[in-house]
Amino acid sequence: MFHKEGQKIIITTFIIVVSIIVLANYFIGITWLKFGLQIISLVLLVLVLQFFRNPKRNVSKNFDEILAPADGKVVAIEEVEETEYFKAKRIQVSIFMSPVNVHVTRYPSSGLIKLSKYHPGKFLVAWHPKSSEENERTTVVINTPKFGDILYRQIAGAVARRIVNYAEVGESVQQGDDAGFIKFGSRVDLFLPLDSAITVKLHQKVTGAKTCIATTRVKKENED
């Protein structure tokens, strides 16, 4: 299953690859060069297909949990001053997506969209400390039943040049549903209340709509 954001690129790549294979077969007489070019073209098509894959995720919705909004690796867990919306301290959890990860952004929690804003900006590498504030990005705030307002940002990186955001203010969204897409690698930042119980570790690999990023303190204490 492939994401709708990749349809044009997949079709265009398929046409180009088929054309290269056919033309090489007729016009290139050197065997190793012909087959080499054809194999490289097929590898390119496979890479494009894997980049735009959109695996179906069966989500067990839970108001007490914040799920990973994207596939990737946790590169930051820290208390920061969030200056755009909260203007107060929050726990930031950042997930870096490499080009081989699934690049679908998914809603980390069910709730009501209170803010959805696009910011033009730079294209610093996604792990740069200032990328969250200076890169091209979108900011989305969801009012959730248990965590109150949470914020996530889709951040473009040095390679990613296209952010797609589906969130609309006033819309009621469901945990795990498609929230957008970032083309060709980047990161997603989550900003959660200080009393959230973070359940992931630094450098841990996470799966969008599957891995629990945080729970409520109440739930953690009851489990203890």
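The values are calculated or read from the model by the stated rules, or taken from the named source; none is laboratory data. Keep in mind that what you see is a predicted model, and the values were worked out from it rather than measured. FYI the Cβ positions are ideal-geometry reconstructions off the backbone, even for glycines, and counts take in every protein chain you see. Areas reflect the complete protein model, heavy atoms only, side chains present, ligands, DNA and RNA absent. Shrake-Rupley method; radii C 1.70, N 1.55, O 1.52, S 1.80 Å.
Taking R0 as 35 Å, what FRET efficiency do you get between residue 166 and residue 79 from their Cβ-Cβ distance, rounded to the nearest 0.05?
0.75
What percent does the relative contact order of the chain come to when contacts are Cα pairs within less than 8 Å and at least six residues apart?
The normalised contact order for the chain reaches 24 percent.
Helix 7-27 versus the longest principal axis of the chain: what is the Cα-based angle in degrees, 0 to 90, to the nearest 10?
20
Hand me the trypsin sites (Lys or Arg not before Pro) from region 23-68 located in a DSSP loop with no more than 15 other Cβ atoms within 10 Å, in residue order please.
56, 61
Leaving out ligands, DNA and RNA, what percent of the accessible area of the chain is carbon and sulfur, probe 1.4 Å?
60
Along Cα→Cβ, 7 Å out, is where each label goes; now give me the distance between the ones at residue 117 and residue 60 in nm to one decimal.
3.7
Can you give me the distance in nm between label points at residue 35 and residue 10, each placed 7 Å from the Cα along the Cα-to-Cβ direction?
Label at residue 35, label at residue 10, 3.0 nm between them.
Can you tell me the orientation of helix 31-51 relative to the chain, as the angle in degrees between its alpha-carbon axis and the longest Cα principal axis, to the nearest 10?
Between helix and principal axis, roughly 20 degrees.
Return the label of the correct value of Cα extents along the principal axes in Å, as calculated from the structure shown, out of (1) 56, 38, 26; (2) 48, 37, 32; (3) 71, 35, 33.
Among (1) 56, 38, 26; (2) 48, 37, 32; (3) 71, 35, 33, the one derived from this structure is (3).
Provide the convex hull volume over Cα atoms per residue for region 1-86, in Å³.
Convex hull of Cα atoms, per residue: 186 Å³.
Residue 179's amide H: which non-local residues (gap 5+, or another chain) put their own amide H closer than 5 Å, with H modeled 1.01 Å from N in plane and none for Pro or chain starts?
Here 105, 106, 107 satisfy the definition.
So how strong a dipole does the chain carry about its Cα centre when Lys and Arg Cβ are +1 and Asp and Glu Cβ are -1, to the nearest 20 debye?
Dipole size: approximately 680 debye.
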